[in-house]
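So the structure is just underneath, and the comments pick up after that.
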Amino acid sequence: AADTKATNKNSLYDSYIKAFRWASDRIAQCPEGGIVGFVTNSGWIEKLAFEGFRSCLEKEYTSVYVLDLKGAVRGKSSETAKREGQSIFNILTGVAITFLVKNPAKKGKAAIYYHNIGDYLKREEKLTRLRQFVSVKGIDWKTIVPNEKQDWINQRGDEFDMLILLGDKDNRLNKQ
């Protein structure tokens, strides 16, 4: 939460984010490192509030593998929802499989690998593709290089950073 500029940080206190933190703290105690795997909500991959979370993953691990199974249809228009496809769990929330690798012998930021399962897929099509992968080596991973805002997907530019600030809700002198 300390590493995000988002004002609404409620989602950072979800149980699955706490599980990531717990696993990171546990694996940090292992001198030989290890691998952590999660099947979670996929919202953290792109949402603004999770920029600090993504930054922590990059700092604390050697490699991060994210398999985005999509399926996040809640609150989306018809075409955008169709592109997401069906969820593999028959829910309205997107799903991601994440593998976090910690190798204490390697220093520096994590290599981040991402794979999007595909657009417009039905549940069974996604499950068939998952069965075909067999291992992480069989997946066509895209290497992600985060920008300075810790965006992994749909990276923001800096065009709006030059705008003049009209007000600041945290500045008491602005309030009347």
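The values are calculated or read from the model by the stated rules, or taken from the named source; none is laboratory data. Remember, predicted model here, so these are calculated numbers, not experimental data. For neighbour counting, all protein chains shown are included, and Cβ atoms are generated from backbone atoms with ideal geometry for every residue, glycine included. Protein only, heavy atoms only, side chains kept; ligands, DNA and RNA dropped before computing areas. Shrake-Rupley method; radii C 1.70, N 1.55, O 1.52, S 1.80 Å.
A compact table of results
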| quantity | calculated |
| --- | --- |
| Spatially proximal aspartates and glutamates relative to Lys126 (Cα-Cα < 18 Å; intrachain offsets below 8 disregarded) | Asp68, Glu84, Asp140 |
| Under 5 Å, built H, 5+ apart or other chain: amide partners of Thr62 | Val101, Lys102, Asn103 |
| The chain - charge dipole about Cα centre, Lys and Arg +1 at Cβ, Asp and Glu -1, debye rounded to 20 | 400 debye |
| Residues of type aspartates and glutamates that Lys106 reaches as a straight line, Cα spacing below 19 Å, ignoring anything fewer than 8 places off in the same chain | Asp25, Glu32, Glu58, Glu60 |
| Heavy-atom accessible surface of the chain: percent carbon and sulfur, 1.4 Å | 53 percent |
| Residue-normalised accessible area of the range 87-167, expressed per residue, 1.4 Å probe, Å² | 69 Å² |
